[in-house]
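Here the structure comes first, spelled out in structure tokens, and everything after it is commentary.
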Amino acid sequence: MFNNLIESGPKQKKGIGGGLASTLAHAGIVFAMIVATKNVGETISAEAEQVTKFVVEEKEPEPEPEKPPPDAVAAPPIAKGFQILTAPVDIPDVIPEIDLSKKLTNEADFSGRGVAGGVSSGVVGGSVPINQDQPFFDFQVEKPVAPIPGSGSPRYPEILLSAGVEGQVLAQFVVDTLGRVESGSFKVLRSDHDLFTASVRSALPAMRFLPAEVGGRKVKQLVQQPFVFNRQR
């Protein structure tokens with residue numbers, strides 16, 4: 001049926017060159033795998049060392065809060081009482097910005113009960129804080145400003161004296177803790193003549209006063225004082 005049978009041909013023998021190339025190729029692959037494995041191992045080892053350093057490294061100790069010196073005296077508690085709103089001496093001509101979200105005053109501090117200058121959350125027998133820069137009104141001080149006799153007074157303008165013109169000046173000014181009129185605080189509330197005003201203005205810097213006191217301490221006071229000009233004085 002199959003007259004012609006396919007004869008199996010003899011297998012060819014591999015050459016020496018082909019075997020050597022195959023051996024070199026396998027050796028190269030093995031070498032590359034060894035190098036890659038080594039690099040990966042070194043990378044993992046370096047990362048592990050960094051993590052170890054990060055974990056082992058100690059944090060710097062936080063500085064301790066400063067303690068007050070042993071001879072420091074604690075501030076005395078504020079007296080239980082009430083506050084008094086004071087009008088500014090110099091009224092600004094520009095309206096300042098107002099934060100409506102902030103509470104400016106506490107209504108409980110204006111009850112009128114207790115010590116003037118204290119607060120509702122204060123303690124009985126506490127002290128009244130004194131602001132050396134804020135002038136007080138006469139009803140806020142225990143000892144109001146008083147003029148020192150013989151320290152000077154405004155001169156009667158000769159032209160008005162000769163003409164028989166009388167009048168007065170109602171002046172406002174601030175007397176500081178040394179008993180001197182604070183520069184720039186002079187204001188005229190009422191005057192019968194400009195010459196009377198000029199006389200008062202020029203006399204005030206030389207006048208001396210006993211300063212006001214609150215709690216035994218000298219404070220500034222806003223003074224409103226009339227200066228009368230008449231021929232009988």
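Can you tell me which residue among 181, 228, 188 is touching an Asp or Glu at 6+ places or on another chain (Cβ under 9 Å) and of a type in the set (A, V, I, L, M, F, W, C)?
On the way: 181 fails: touching an Asp or Glu at 6+ places or on another chain (Cβ under 9 Å); 188 fails: touching an Asp or Glu at 6+ places or on another chain (Cβ under 9 Å).
Unique residue meeting the criteria: 228.
Quick check, is residue 108 modelled with pLDDT of 75 or more and small (Gly, Ala, Ser)? Considered against the rule, which asks whether it is modelled with pLDDT of 75 or more and small (Gly, Ala, Ser), residue 108 comes out as yes.
The values are calculated or read from the model by the stated rules, or taken from the named source; none is laboratory data. Everything numeric in this text was worked out from a predicted model, so none of it was measured. Note: ideal-geometry Cβ built from the backbone for every residue, glycine included; neighbour counts use all protein chains shown.
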